[in-house]
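The values are calculated or read from the model by the stated rules, or taken from the named source; none is laboratory data. Remember, it's a predicted structure, so these values are computed and weren't measured experimentally. In this analysis, Cβ positions are derived from the backbone assuming ideal geometry, glycine residues included, and neighbour counts consider all displayed protein chains. Ligands, DNA and RNA are stripped out before the accessible areas are found, and what is left, the full protein with its side chains, is counted by its heavy atoms. Shrake-Rupley method; radii C 1.70, N 1.55, O 1.52, S 1.80 Å.
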Amino acid sequence: SVLRSTSDVKELLPHFYCPELHAPPAASFLVNSLRLQLGCRHSGEQVGDVELPPWAGSPHEFASKCRQALESEAVSAALHKWVDLIFGHKQRGAAAVGADNVFCPSAYEGAVELEGLPPDDRRVLELQINEFGQIPLQLFAAPHPRRLPGAASRPLLREEELPAAIAVAAAA
């Protein structure tokens, strides 16, 4: 997990940061309310609910605090740097090397054509993609502009508008 290892670099979905999706706690995807058998950890302990950090008393509080942090001025001031790494000019090539942002070549979008591969090779690549993910399509070739100062204090949507916006996006 990210609490125990820096090698877990999976990205989180925007839905993760919607506090209303975590209330009541049993409705949260962080809680195994159906008591599904999710296997055991290396220690032998059963996998159940997501372990929250000590500063979060509930899934709702965890999502709320994460969202507050993401919408802060400090994050807004550096957001363009993240865009450059994930979708921009520091995703590939010399800029990626300089930013220490280089991954396995087969992880990059479009690097491997699965069609036509021998079945064993295809299965290996599909397992790798499923386990480690795939680098998204590069969208920007030049540095992304900084977010305007004060933008974090004026969100595009109010919290109560998010569920409807998510539903519209999911239906699209």
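Determine, yes or no, whether Ser76 is of a type in the set (Ser, Thr, Tyr), within 24 Å of Leu30 (Cα to Cα) and either surrounded by fewer than 16 Cβ atoms within 10 Å (Cβ to Cβ) or out of contact with any Pro (no Cβ under 7 Å at 6 or more places or on another chain) (or both). In short, no. Residues that are in contact with an Asp or Glu (Cβ under 9 Å, 6 or more places away or on another chain), open to solvent by less than 80 Å² (accessible area, probe 1.4 Å), within 25 Å of Gly150 (Cα to Cα) and modelled with pLDDT of 90 or more: does the stretch 80-87 have at least one? The answer is yes, given that some residue of the stretch 80-87 is in contact with an Asp or Glu (Cβ under 9 Å, 6 or more places away or on another chain), open to solvent by less than 80 Å² (accessible area, probe 1.4 Å), within 25 Å of Gly150 (Cα to Cα) and modelled with pLDDT of 90 or more.
Among residues that are in contact (Cβ under 8 Å) with a residue 40 or more places away in the chain and over 29 Å from Val31 (Cα atoms), Phe140 is included. I'd like the residue in the stretch 143-165 that is in contact with a helix residue (DSSP H, G or I) (Cβ under 9 Å, 6 or more places away or on another chain) and at pLDDT 80 or above and, out of all such residues, is surrounded by the most Cβ atoms within 10 Å (Cβ to Cβ). The residue in question is His144. For the stretch 48-73, a residue qualifies if it is touching a Pro at 6+ places or on another chain (Cβ under 8 Å) and of a type in the set (Ser, Thr, Tyr), and the qualifying residues are Ser58, Ser64.
Only one entry in Glu126, Glu131, Glu113 is open to solvent by less than 70 Å² (accessible area, probe 1.4 Å), out of contact with any helix residue (DSSP H, G or I) (no Cβ under 8 Å at 6 or more places or on another chain) and without any contact (Cβ under 8 Å) to a residue 60 or more places away in the chain, namely Glu126.
Would you pick out the residues in the stretch 48-70 that are in a helix (DSSP H, G or I), hydrophobic (A, V, I, L, M, F, W, C) and in contact (Cβ under 8 Å) with a residue 12 or more places away in the chain? Those that are in a helix (DSSP H, G or I), hydrophobic (A, V, I, L, M, F, W, C) and in contact (Cβ under 8 Å) with a residue 12 or more places away in the chain: Phe62, Ala63, Cys66, Leu70.
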